[in-house]
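The block underneath contains the structure these notes are about, expressed in structure tokens.
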Amino acid sequence: MAKIIDGKAIAEEIRAEFVEEVKKIQSEKGITPGLAVILVGQDPASKTYVRNKERACQNVGIYSEVHRLPEETSQDEVLGLIRKLNQDPKIHGILVQLPLPDHIDETACINAIVPEKDVDGFHPINVGKLMIGEKCFVPCTPAGVIELLDRVGVELKGKEACVVGRSNIVGKPVSLLLLQRHATVTICHSRTRNLGEVTRRADVLVVAVGKPEMIKGDMVKEGAVVIDVGVNAVDGKLVGDVEFATAFERASAITPVPGGVGPMTITMLLKNTIQAAWQV
Ligand code: NDP
């Protein structure tokens, strides 16, 4: 039976540390870290995420402003706002909540943010720096996965790590971070043959697929650490990409959904915003 990795408790512990760090920046640099979030349209999930980000900032003393723009806002207007925020000394981090309405080019918006304020870590400059191992803004969910592993004391050096999923926001960056920590990393995706054979070799299994309970217990190595990034709504309940009940029997440690990786994502956004303020 596995130890349950309590992401909520770990996130709270880290956020308490941030309260002190924000005070330290205020006294040493005379500035308050500031985050600007741009939300275009009425997507209900996006509205909830943005509200949670705003609240999380307030709780640790980070200044935050949310620009809620109507669905019909033009791309030029969004780009104009980003350019204004790039110049705003109160703002150290800028985040464009995705997805954007179809008539707005997400890449153009991400690329318009100056890399020094790109706290989501999606700008090509930050992506490239992550690839070559330079200091950069690391995307929040992958950073949260590594932070969780660190906080529960999982040694990664020399371990077999398997990442299921190769998206630009989770799978690929988390694979690079595991590689930086000297794990031997295998990346799986929709064309991987005999998925279970590959996942069963993993000492550390990270799953970011978006398919409810796709990874069953018999695909998990006895004693593995399982990090389930997936969030899927099924019959009004949230479930992960891992079948918790069966994986729990085989793993040595596992994240629950909800309450595992989720709370770490916003925590890492706060971390990146504080890092951006230190770098001014
Ligand atoms: P994407 O849809 O962008 O990527 C999914 C990946 O899974 C793709 O690489 C795809 O492969 C792979 N995949 C799909 N089906 C299979 C399969 N049958 N076998 C193996 N691999 C497969 O998703 P994201 O990375 O954005 O998100 C993944 C999950 O994580 C979602 O549930 C999402 O909600 C959740 N998430 C949670 C966050 C949090 O804060 N907790 C933050 C971000 C995401 P291919 O490339 O070949 O198509």
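List every residue pair whose Cβ atoms sit under 8 Å apart, with the two residues 6 or more apart in sequence or on different chains, where the first one lies in region 8-32 and is under 18 Å from Cys140 (Cα atoms) and the second, anywhere, is of a type in the set (S, T, N, Q) and loosely packed, with under 15 Cβ neighbours inside 10 Å.
Arg15/Asn59
Could you figure out which of (1) within 19 Å of the chain's Cα centre (by Cα); (2) outside the structural domain of Val209 (by TED's automatic domain parsing); (3) surrounded by fewer than 17 Cβ atoms within 10 Å (Cβ to Cβ) isn't true of Val152?
(2)
Going by the conditions given, is Asn168 farther than 14 Å from Val226 by Cβ and either part of a strand (DSSP E or B) or open to solvent by less than 70 Å² (accessible area, probe 1.4 Å) (or both)?
On the way: farther than 14 Å from Val226 by Cβ: yes; either part of a strand (DSSP E or B) or open to solvent by less than 70 Å² (accessible area, probe 1.4 Å) (or both): no.
Considered against the rule, which asks whether it is farther than 14 Å from Val226 by Cβ and either part of a strand (DSSP E or B) or open to solvent by less than 70 Å² (accessible area, probe 1.4 Å) (or both), Asn168 comes out as no.
Given region 27-118, what strands (runs of 3 or more DSSP E) lie entirely inside it while holding 3 or more residues that are open to solvent by 10 Å² or more (accessible area, probe 1.4 Å) and touching a helix residue (DSSP H, G or I) at 6+ places or on another chain (Cβ under 8 Å)?
Numbers: elements: 34-40, 63-69, 93-96.
The strands (runs of 3 or more DSSP E) meeting that bar are 63-69.
Could you check region 191-239 and list, in sequence order, the residues that are of a type in the set (Asp, Glu) and either closer than 16 Å to Val174 by Cβ or surrounded by fewer than 16 Cβ atoms within 10 Å (Cβ to Cβ) (or both)? Outline the logic, then answer.
First pass over region 191-239, keeping only residues of a type in the set (Asp, Glu): 197, 203, 213, 218, 222, 228, 235.
Residues satisfying the conditions are Glu197, Asp203, Asp218, Glu222, Asp228, Asp235.
Can you tell which of Glu21, Glu17 is at pLDDT 95 or above and surrounded by fewer than 17 Cβ atoms within 10 Å (Cβ to Cβ)? Outline the logic, then answer.
On the way: Glu21 fails: surrounded by fewer than 17 Cβ atoms within 10 Å (Cβ to Cβ).
Criteria check complete, one pass: Glu17.
Take Thr141 and decide whether it is away from the ligand (no atom under 16 Å from the Cβ), hydroxyl-bearing (Ser, Thr, Tyr) and at pLDDT 95 or above. Outline the logic, then answer.
On the way: away from the ligand (no atom under 16 Å from the Cβ): no; hydroxyl-bearing (Ser, Thr, Tyr): yes; at pLDDT 95 or above: yes.
Criteria not met by Thr141.
Taking Ala112, is it closer than 24 Å to Lys24 by Cα, aliphatic (A, V, I, L, M) and at pLDDT 95 or above?
Working: closer than 24 Å to Lys24 by Cα: no; aliphatic (A, V, I, L, M): yes; at pLDDT 95 or above: yes.
Spelling it out, it is not the case that Ala112 is closer than 24 Å to Lys24 by Cα, aliphatic (A, V, I, L, M) and at pLDDT 95 or above.
Cβ-Cβ distance below 7 Å, separation of 6 or more or different chains: which pairs start in region 243-270 with a residue that is on the phi < 0 side of the Ramachandran plot and charged (D, E, K, R) and end on one that is open to solvent by less than 40 Å² (accessible area, probe 1.4 Å) and within 12 Å of the ligand (Cβ to nearest atom)?
Within 7 Å, the pairs are Glu243/Ile215.
I need the full set of residues from region 201-220 which are of a type outside the set (Val, Ile, Thr) and either in contact (Cβ under 8 Å) with a residue 40 or more places away in the chain or within 14 Å of the ligand (Cβ to nearest atom) (or both), in order please. Show your work before the answer.
Taking region 201-220 first, the residues of a type outside the set (Val, Ile, Thr) are 201-203, 205, 208, 210-214, 216-219.
If the condition is that a residue be of a type outside the set (Val, Ile, Thr) and either in contact (Cβ under 8 Å) with a residue 40 or more places away in the chain or within 14 Å of the ligand (Cβ to nearest atom) (or both), then Arg201, Ala202, Asp203, Leu205, Ala208, Gly210, Lys211, Pro212, Glu213, Met214, Lys216, Met219 are the ones that fit.
Which of the residues that make up region 240-261 are within 12 Å of the ligand (Cβ to nearest atom) and surrounded by fewer than 24 Cβ atoms within 10 Å (Cβ to Cβ)? Write out each step before concluding.
Kept after step one, since they are within 12 Å of the ligand (Cβ to nearest atom), are these residues of region 240-261: 240-242, 255-261.
Residues satisfying the conditions are Asp241, Pro256, Val257, Pro258, Gly259.
The values are calculated or read from the model by the stated rules, or taken from the named source; none is laboratory data. Just so it is clear, the structure is predicted and the values come from calculations on it, not from any experiment. Don't worry about glycine lacking a Cβ; one is built from the backbone with ideal geometry, like all the others, and counts go over all protein chains shown. The accessibility values were calculated without ligands, DNA or RNA, using every heavy atom of the protein model including side chains. Shrake-Rupley method; radii C 1.70, N 1.55, O 1.52, S 1.80 Å.
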